[in-house]
Every structure is written in structure tokens, then in C-alpha cells.
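J.: Sharing a structure here in C-alpha cells format.
The values are calculated or read from the model by the stated rules, or taken from the named source; none is laboratory data. Predicted model only: the values in this text are computed from it and were never measured. All Cβ positions, glycine included, derive from the backbone under ideal geometry; neighbour counts span all protein chains shown. Surface areas here come from the heavy atoms of the whole protein model, side chains and all, with no ligands, DNA or RNA. Shrake-Rupley method; radii C 1.70, N 1.55, O 1.52, S 1.80 Å.
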Amino acid sequence: MILPINFPESIDAKIFVRDYWQQKPLFIKNALPDFTDPLTAEELAGLACEEGIASRLILERGDSPWQVRHGPFNEKDFTSLPESHYTFLVQDLNRYIPELNQLLDSFNFLPAWRIDDVMVSYAAPHGTVGPHTDQYDVFLLQGLGTRRWQINTQADARNEKLIPDLDLRILAEFAAEEEFFMQAGDMLYLPPGVQHHGISDAACMTYSVGFRAATQLELLGDYIDQRTLHSCDEVRFRDGGIEADTHNGEIKPAARQRVRDMIKQIPGSDAEIDDWFGRFITYTGIHLNTGIPLTPTGEAAVFVSTLQTQGPLLRDSQSRFAYIEMSQGLQLYIDGESLPVPASLAELVRLLCDCRQYDEAMLSPYLQRPEHLGLLCAWWETGLVYFDD
Ligand code: SIN
Ligand code: CO
């Protein structure tokens, strides 16, 4: 079931995107009135003990001030904790907790490919990770307990002073400009660069829905790595037409200009850059053995009867999906792989990429044509979609 965000009166998703997204914070009282914590603090601690799941423990008064420890942890790490002033945080939990994957549906009015993860934190009484800024958009959703968030939108992010010699980026100076008292279901949206400081009253859990925003250099770095791997016709430095000269140690202006031009004129057509970006933004490290499947190997009738008896169909929370509209059909991206999809399948693929769960009514228009049913069945067989049993 999708929980729509209960925006304040006079704001809806359209107005939020126009007036707040990437611009200014918004406190949304009772944003998700029906939200209940899908996991307990003990279960969160259990996940922080698992190999392959990124977790951190931040102790304000540990062996040193603001001590950071990285997981995976063991049971003893948790039984030896103080009564207060610590937080533990576990990342990527939308991949492991179906309710947190479904929580992402509440943000369906924003580009899904921008979503990074749902991070869950547990803060003991007076727990905080310190005042800081993040360089991405984040929605902070309050679960268990209560927390006071203070923010400052005026401070200049480029001149912020950090406490030196810490493994954490904590602001040396922070002046609260606004304060919000958060209870279960309340949400605070923060665009990048807003200073914020959350201190728990009673023990509390916070769900951070973060949106990725790669830097120009990260994008360029990956683009160039991929081109280097796959291209053999790169332009090389040339200096025909120079004059003989005894100052052979000097890097002459013409050579410098040539190098500047090579750096500034990154090769690639618009279509090549778009295709690289689709792969880059959906890359997960998951390898689809058979590529993106379009035709099934098994019995489509079994898929239909399972949908009718065990629906809804759910999309795999480990994989990333996106598409680019083309003049004919679309280009589909899953987990860093790319596939052209013909116009006849485009509507179904759009639905599969735009939503995370599909009931029988949503899929019934696609159960009649063998081509559509074949695609659904093929995705089910490869585990890109599944039935919750
Ligand atoms: C937290 O959950 O304690 C920190 C979340 C954040 O500041 O982004
Ligand atoms: Co933050």
C-alpha cells in the first residue's frame, strides 16, 4: 500500500517540487500518519552486525569525543554501550526491509533514479551525530520516540568550520535558526547544504530518505573510465607544425592550449553520454547473467495464476531501474545494463520502472498479449519481480 505524504494545507506534491525541492526546508507535521516502525532497535542492531551492510556507531563521549566505530558489530558492542549520548546508523535498509522499500513509493513524485537509500538510525536519549551539513537532499522521518531538530539555512556552506581531527564532519560553530519537535510520522525535508542538528529526547529512530547528487568530477571520472575501457579511437596529443627550438624544457603556449582543448572537449555524442548515464545511475554491482530478459523460458499461465492467488507483484529492492524515452520505444537500464525496448513493450516497461508494486488491476491490461505476458514472466523467472509469500 502506498502512503501518500500528507503535505501541509496549501502545499501538494507539485507545489513542493516547485517551491521547496532543492531550495528550502519544509517541516511536514504528521506527514505519514500511518507510519509505524517496520523494525525494532534490537533488529536494527542485528542488521548492524551483518557483513555487507554498512553501519556506524557514534559515541559523543566515547574513548575520545565524537568517536566513530564502523560495523559489522557484534552483540558485545551493543551490551557495553552507555545509557545515553550515542547513535548507531545503518545504511541501505530499503534493500533488505520490504516496508522501507515500499516507503520509497511515498516519494514517487520525485525522480526515482535520484534515490540513494533509506538509512535508519537509533539514538539513545540525548543521542546526536552532531551539527553538520549534507550535500544531498534528505527527508528525515521520525519513527520511535521524539527528537528536536535545529536548522540554519543562512550559514555559508563554503566557509563552514569543522571540529578538527575527527573522523566525522561536525560543525565547530552552529547557531539554531529554527527548531522542530518531531514525533512519530513527522518529516523534515532538507535540501543540500542546510546545517542541521538533531538531538533525541527519549530514545528514537530516524528514517533518512537520501537522494544522490554526484559531483561533476565523480560523473567525469566514471564517464572517462568507461570510455577508456570500451573505446579504441581516442584522440591523441599531436604537435605537428612546431618550430625547432633550444628551449626544449619549456611547455610552450601552443602545447598548453592543445592540452586544455583536449581536457575541455570531452569526447562523446549526446546519445553516448545519455547511455553512459543510464548505466552509471542504475549500477549496483549486480550482474544479470542473461542480460535484461524480455522473453520467458517457462509457463506464462503459472505467472497469471500466481498473480491471481498471491499478488501483488513486487519489484526487487536490490536492483535499480530507469529508462530514457527514444523516438521509437525506449532505452531500458537495469543494474548498469542497457537494452532497447520496442514501442509495443514501452508502456509496460514504463509501468514496471515507475512503480515498485503492481496489483492485478494494474497488470490486467498486459495479461492478454503474449509479448507483454512474456516480459512479465521473464522478469519473474529472473527475480526482477517477485510475489511475497
Ligand atoms: C541521524 O539519523 O541521526 C542523522 C541523520 C542526518 O542528519 O542526516
Ligand atoms: Co544529516
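J.: Restricting to the range 166-177, name every residue that is under 27 Å from the mean Cα position of the chain (by Cα), open to solvent by 60 Å² or more (accessible area, probe 1.4 Å) and within 18 Å of Ala155 (Cα to Cα).
T.: Arg169
J.: Out of all the residues in the range 251-270, which are open to solvent by less than 100 Å² (accessible area, probe 1.4 Å) and outside any helix (DSSP H, G or I)?
T.: Lys252, Ile266, Pro267, Gly268, Ser269
J.: Just to be sure I understand, how many residues within the range 370-389 are hydrophobic (A, V, I, L, M, F, W, C) and assigned to a loop (DSSP other than H, G, I, E, B)? Write out each step before concluding.
T.: Residues of the range 370-389 that are hydrophobic (A, V, I, L, M, F, W, C), as a first pass: 373, 375-380, 384-385, 387.
When the remaining residues are screened for being assigned to a loop (DSSP other than H, G, I, E, B), the result is 384.
Qualifying residue count for the region: 1.
J.: Filter the range 109-134 for residues that are open to solvent by 10 Å² or more (accessible area, probe 1.4 Å), part of a loop (DSSP other than H, G, I, E, B) and within 11 Å of ligand 1 (Cβ to nearest atom) and give the result.
T.: Those that are open to solvent by 10 Å² or more (accessible area, probe 1.4 Å), part of a loop (DSSP other than H, G, I, E, B) and within 11 Å of ligand 1 (Cβ to nearest atom): Val129, Pro131, Thr133, Asp134.
J.: Can you tell me which condition Ala176 does not meet? The list is (1) hydrophobic (A, V, I, L, M, F, W, C); (2) free of Cβ contacts under 8 Å to residues at least 60 places away in the same chain; (3) within 13 Å of ligand 1 (Cβ to nearest atom), and all the others hold.
T.: Only one criterion is unmet by Ala176, namely (3).
J.: May I pose another question? Identify all residues within the range 207-238 that are among the hydroxyl-bearing types (Ser, Thr, Tyr), away from ligand 2 (no atom under 16 Å from the Cβ) and either assigned to a strand (DSSP E or B) or within 25 Å of Arg95 (Cβ to Cβ) (or both); write none if there are none. Can you show your working first?
T.: Applying the first criterion (among the hydroxyl-bearing types (Ser, Thr, Tyr)) to the range 207-238 yields 207-208, 215, 223, 228, 231.
Of the ones still in play, those that are also away from ligand 2 (no atom under 16 Å from the Cβ) are 215, 223, 228, 231.
Once the filter is applied, which keeps residues that are among the hydroxyl-bearing types (Ser, Thr, Tyr), away from ligand 2 (no atom under 16 Å from the Cβ) and either assigned to a strand (DSSP E or B) or within 25 Å of Arg95 (Cβ to Cβ) (or both), the range 207-238 yields only Thr215.
J.: Still on this model: Limited to the range 353-369, what total is found for residues that are part of a helix (DSSP H, G or I) and out of contact with any Leu (no Cβ under 8 Å at 6 or more places or on another chain)?
T.: Qualifying residue count for the region: 4.
J.: If I filter the range 85-103 for residues that are in a loop (DSSP other than H, G, I, E, B) and over 20 Å from the mean Cα position of the chain (by Cα), do I get at least one hit?
T.: Yes - at least one qualifying residue is present in the range 85-103.
J.: How many of the residues in the range 126-155 are among the β-branched types (Val, Ile, Thr), within 15 Å of the chain's Cα centre (by Cα) and more than 10 Å from ligand 2 (Cβ to nearest atom)?
T.: Filtering the range 126-155 down to residues among the β-branched types (Val, Ile, Thr) leaves 128-129, 133, 138, 146, 151, 153.
From what's left, within 15 Å of the chain's Cα centre (by Cα): 138.
Next, only the ones that are more than 10 Å from ligand 2 (Cβ to nearest atom) stay: none.
Summing the residues that are among the β-branched types (Val, Ile, Thr), within 15 Å of the chain's Cα centre (by Cα) and more than 10 Å from ligand 2 (Cβ to nearest atom) in the range 126-155 gives 0.
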